[in-house]
Amino acid sequence: MAGNLVQGAVFTVMVVRAENLREPTFEPELAQQVRRSPRFFLNAPVVLDLRGAAEFTREAEFVEAREVLRRHTLTLIGIQNAQSAQVDAAAGAGLASFAPNATQPNRPRPIEAAPGAASASGAVKSRLVTEPVRSGTQIYARGADLVIIAPVSPGAEIMADGNIHVYGALRGRALAGANGDVDARIFCSRLEAELVSIAGHYLVSDQLPPEQRGLSVQIALVNDRLTIERN
Amino acid sequence: MAKVIVLTSGKGGVGKTTSAAAIAAGLALRGNRTVVIDFDVGLRNLDLIMGCERRVVFDFINVINGDAKLNQALIKDKRSDNLYIFPTSQTRDKDALKRDGVERVLDELKDNFDYIVCDSPAGIEHGAITALYFADSAIITTNPEVSSVRDSDRIIGILASKSKRAEHNMEPVDVHLLLTRYSLERVKKGEMLSVEDVKEILSIPLLGVIPESESVLRASNTGTPVVFDQESPAGRAYHDAVARFLGEQREMRFLKSERRSFFRALLGRA
């Protein structure tokens, strides 16, 4: 038999962080995410990212991880960013080791708020931006709301796991509920956005109702549709 | 203390070199010792605009590399005793702009000049970043059209994040808007953004508006910065811009009778 029996191919694979897997909220949150798009997740291949995870040196741990993901219709196929002991244990469980860095495309990291920062009152703190957000800039408020008291230029991208408030013209892209929170909203005092998105549901500039351009609005997700309401 | 001013825009062809020449000459005519440096390595043009192309022996890159002394490379302007031109190399590329070498040359110039005007290349790559890195002030040269405004916005963001002042948590670079090639006629017809539109998007103070003018083209082709032409509207507008840069109050000219603008029409607003 001639020719190559093994050939290269490129696939899109989902990645789960090992540290998230260990959190008690992981399963209910994953279940919720799968429920939103069951067909998307059905039998979907998953790679476990072991960056910074000290555990997972025993085969049994990988078997357990596989079962957890299986319960949510996902199929664990391999690991990445693993230490050599972890690679061996994973191989024992029949998992492949993927080259690192595949999850992060080669682009500058967005400016990020301090993770999970809580104020003295115990409330989750929001990220406040006071300077104009210029074209080409990315701002991401991880696990928090994002409040901007300046204009957001075309070509800029603002993201938050929570709500986004822009007290100025919103001319760039705004992605609220970046982590899948369907209750997140976008508020802006002037809607001229290139794109607005909540939990992955988005509208581009062309789809924004022309009569609402330039107005003070709030955008929410209602029955899986983005709705824009005048403030 | 000498001040480093960068003329930058992101976009090419908006009038950076013309404006650098005019602003430098304007500063010199007001009695400030001024040098204008061409950072556009490989696409040397400033010497042509300044009309000194036949006197170039050594250049910026020679001085950075230590192959020539500063006073061997600086060319004294024939029209003003306070004005010097520092041409760049046409045969090298932007990689020859080593940051530490540039800093050393700028430090040496600071001892001899009041203003160091840096003419940046277009783009947001190494050449443009090096030109703006050491700036104390930036003059953002912008045409009244959407792509130029967006690129200017990007450059303002880079000044706020990648300049030396930003990296060392110093007072931020002082940023000014210079709107060039402005045509009131075309604004009226809705073919161009108005001053107000551009100011609103970029939200930085306006240093001046230079009207589209044949005198600018003529000045470039004859190698005479347009400020030497006291009759032309563009020359007067550059003089005003220089005066404002130095802290004087001047009324904006050439801005009368604006009507519904292109940008507002585009956004469906009255």
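The values are calculated or read from the model by the stated rules, or taken from the named source; none is laboratory data. Fair warning: this is a prediction, and the values are worked out from it, not measured in the lab. Heads up, the Cβs are rebuilt from the backbone with ideal geometry, glycines too, and the neighbour counts pull from every protein chain shown.
Of note:
- Look at (1) touching a Phe, Trp or Tyr at 6+ places or on another chain (Cβ under 8 Å); (2) surrounded by fewer than 23 Cβ atoms within 10 Å (Cβ to Cβ) and you find that B:SER80 fails only one, number (1).
- A:ASN81 closer than 22 Å to A:VAL182 by Cβ and either under 18 Å from the mean Cα position of the chain (by Cα) or surrounded by 17 or more Cβ atoms within 10 Å (Cβ to Cβ) (or both): no
- Summed over the range B:159-182, the residues that are over 11 Å from B:ILE140 (Cβ atoms) and of a type in the set (A, V, I, L, M) give a count of 3.
- Output for the range A:136-164, where each listed residue is away from chain B (no Cβ under 14 Å), surrounded by 21 or more Cβ atoms within 10 Å (Cβ to Cβ) and part of a strand (DSSP E or B): A:ALA141, A:LEU146, A:MET159, A:ALA160, A:ILE164
- Verdict on A:SER37 being of a type in the set (S, T, N, Q) and exposed (fewer than 15 other Cβ atoms within 10 Å of the Cβ): yes
- Residue in the range B:1-10 that is outside any strand (DSSP E or B) and farther than 28 Å from B:ASP100 by Cβ present: no
- Residues in the range A:32-75 that are closer than 17 Å to A:THR12 by Cβ and either among the acidic types (Asp, Glu) or in a strand (DSSP E or B) (or both): A:PRO45, A:VAL46, A:VAL47, A:LEU48, A:ASP49, A:THR75.
- Single residue of the range B:60-79 satisfying the filter (assigned to a loop (DSSP other than H, G, I, E, B) and in contact (Cβ under 8 Å) with a residue 40 or more places away in the chain) that is nearest to B:ARG33 (Cα to Cα): B:ASP77
- Here B:ASP151 passes the criteria (1) buried (at least 20 other Cβ atoms within 10 Å of the Cβ); (2) more than 14 Å from every other protein chain (Cβ to nearest Cβ); (3) among the acidic types (Asp, Glu) except the one numbered (2).
- Looking only at residues in the range A:172-231 that are away from chain B (no Cβ under 14 Å) and in contact with a Gly (Cβ under 6 Å, 6 or more places away or on another chain), the one that is surrounded by the fewest Cβ atoms within 10 Å (Cβ to Cβ) is A:ALA199.
- Being of a type in the set (A, V, I, L, M) and not in a loop (DSSP other than H, G, I, E, B) is a description that applies to B:VAL36.
- Verdict on B:ASP119 being of a type in the set (D, E, K, R), touching a helix residue (DSSP H, G or I) at 6+ places or on another chain (Cβ under 8 Å), within 14 Å of another protein chain (Cβ to nearest Cβ) and crowded, with 24+ Cβ neighbours inside 10 Å: no
- From the options B:VAL57, B:VAL105, B:VAL41, B:VAL14, residue that is buried (at least 24 other Cβ atoms within 10 Å of the Cβ), more than 15 Å from the chain's Cα centre (by Cα) and not in a strand (DSSP E or B): B:VAL41
Results for (1) of a type in the set (A, V, I, L, M, F, W, C); (2) part of a helix (DSSP H, G or I); (3) at pLDDT 95 or above; (4) more than 18 Å from B:ALA20 (Cα to Cα), shown as yes or no for each residue.
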position: B:GLY101; (1), (2), (3), (4): no, yes, yes, yes
position: B:VAL117; (1), (2), (3), (4): yes, no, yes, no
position: B:GLY123; (1), (2), (3), (4): no, no, yes, no
position: B:THR130; (1), (2), (3), (4): no, yes, yes, no
position: B:ILE140; (1), (2), (3), (4): yes, no, yes, no
position: B:VAL149; (1), (2), (3), (4): yes, yes, yes, yes
position: B:ALA166; (1), (2), (3), (4): yes, yes, yes, yes
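- If you go through the range B:129-145 and keep only what is in contact with a helix residue (DSSP H, G or I) (Cβ under 8 Å, 6 or more places away or on another chain) and either of a type in the set (A, V, I, L, M, F, W, C) or within 13 Å of chain A (Cβ to nearest Cβ) (or both), you end up with B:ILE129, B:LEU132, B:PHE134, B:ALA135, B:ALA138, B:ILE139, B:ILE140, B:THR142.
- Across the range B:170-196, the number of residues qualifying as more than 14 Å from chain A (Cβ to nearest Cβ) and hydrophobic (A, V, I, L, M, F, W, C) comes to 7.
- Neighbours by Cβ (under 6 Å, 6+ apart or cross-chain): first from the range B:155-169, without any contact (Cβ under 8 Å) to a residue 24 or more places away in the chain and within 14 Å of another protein chain (Cβ to nearest Cβ); second buried (at least 21 other Cβ atoms within 10 Å of the Cβ) and of a type outside the set (Val, Ile, Thr): B:GLY157/A:ARG134; B:GLY157/A:GLY136
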